[in-house]
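Following: one structure in C-alpha cells, then a few remarks.
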Amino acid sequence: MIEVVVMLGIITMISTVVLVSFTGLSEGGAINRASRELALAIRRAQNMSLAVTQVETSSGPKIPDAVGIRLDKAVPSAYFLFVDVVRDNRYTSDDAKIGADEALPAGVRINSLLDSSNASYSIVHIMFSAPEAVVAITGTDGTSIGDRVEMELSSSSGKKKKVVARTSGQISIK
C-alpha cells in the first residue's frame, strides 16, 4: 500500500511539472506563430502589388497601384492590409481595406514600432507600389521614417520576438 501511495505522489509531481511548463510552451508557440504570420502578411502585401491583378476590397474589386499593411499601437492585437487609392503612402478613410483585420494570437500584442534610429512610432505603414513593388515605410502622416522598421511583439508572460522589414524588401524575424 505504501508503494502505491509513493508511486501516486511521484506521478502527481511529474504531471504538475509537465503541466506548468506546457503553458510556457504554448505562449512561446503563440509568439512564434504571430511573428511568422506578420512576416507573411507583409509578404502578401508585396505579392499583391507585384501581381497587378484585381483584389477584393471593402469598397469592391480594385487593381491596386499600391498595397500596404498598417500597424497601430492603439490597436496592439491586430493589423490590416489595404489598397492605397489616394497614393499618399498611408491609410486614410478614402483607401480600401483588403479583407478583415488580422488578429494576433491571444495574449500577443504589438509592443513597439521602431525605425533605424530607434525612434518610436504609434502607427507604421509598410507600402509596396506597383509594378516593381517599391517599398516605402511611413509614419502616421505618410512621410518616410527611414529604410527599416522593427516591430516588437510580446506575449503576456514577457516573451518577445522582433519582425524587421527593410525598404530593400527583406523581412526577417529575430
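The values are calculated or read from the model by the stated rules, or taken from the named source; none is laboratory data. What you are looking at is a predicted structure, and each value in this text was computed from that prediction instead of being measured. Cβ coordinates were reconstructed from backbone atoms using ideal geometry, including for glycine residues, and neighbour counts include every protein chain displayed.
Taking only the stretch 96-120 into account, find how many residues are of a type outside the set (A, V, I, L, M), more than 18 Å from D84 (Cβ to Cβ) and under 16 Å from the mean Cα position of the chain (by Cα).
At the first step, the residues of the stretch 96-120 found to be of a type outside the set (A, V, I, L, M) are 97, 99, 101-102, 105, 107, 109, 111-112, 115-118, 120.
From what's left, more than 18 Å from D84 (Cβ to Cβ): 105, 107, 109, 111-112, 115-118, 120.
Pick out the ones that are also under 16 Å from the mean Cα position of the chain (by Cα) and you get 105, 107, 109, 111-112, 115.
Residues meeting the conditions: 6.
Being touching a helix residue (DSSP H, G or I) at 6+ places or on another chain (Cβ under 7 Å) and over 19 Å from D72 (Cβ atoms) is the filter here; which residues of the stretch 133-154 pass it? If you could, list the steps in order and put the result at the bottom.
Taking the stretch 133-154 first, the residues touching a helix residue (DSSP H, G or I) at 6+ places or on another chain (Cβ under 7 Å) are 133, 151, 153.
Answer for the stretch 133-154, where residues must be touching a helix residue (DSSP H, G or I) at 6+ places or on another chain (Cβ under 7 Å) and over 19 Å from D72 (Cβ atoms): just A133.
Being assigned to a helix (DSSP H, G or I), surrounded by 17 or more Cβ atoms within 10 Å (Cβ to Cβ) and modelled with pLDDT under 90 is true for just one of A41, A30. Which residue is that? Explain how you work it out, then say what you get.
Numbers: A41 fails: modelled with pLDDT under 90.
Checking each option against the conditions leaves just A30.
As an exercise: evaluate V86 against (1) touching a residue at least 24 places away in the same chain (Cβ under 8 Å); (2) in contact with a Ser or Thr (Cβ under 8 Å, 6 or more places away or on another chain); (3) under 22 Å from A133 (Cα atoms) and give the number of the one condition it does not meet.
Answer for V86: the failing condition is (1).
When the stretch 45-56 is examined, which residues are found to be crowded, with 17+ Cβ neighbours inside 10 Å and outside any strand (DSSP E or B)?
Once the filter is applied, which keeps residues that are crowded, with 17+ Cβ neighbours inside 10 Å and outside any strand (DSSP E or B), the stretch 45-56 yields A45, Q46, M48, S49.
Which residue pairs have Cβ atoms closer than 6 Å, lie 6 or more positions apart in sequence or on different chains, and pair a first residue in the stretch 120-143 that is farther than 16 Å from A165 by Cα with a second residue that is in a strand (DSSP E or B)?
What qualifies is T140/I123.
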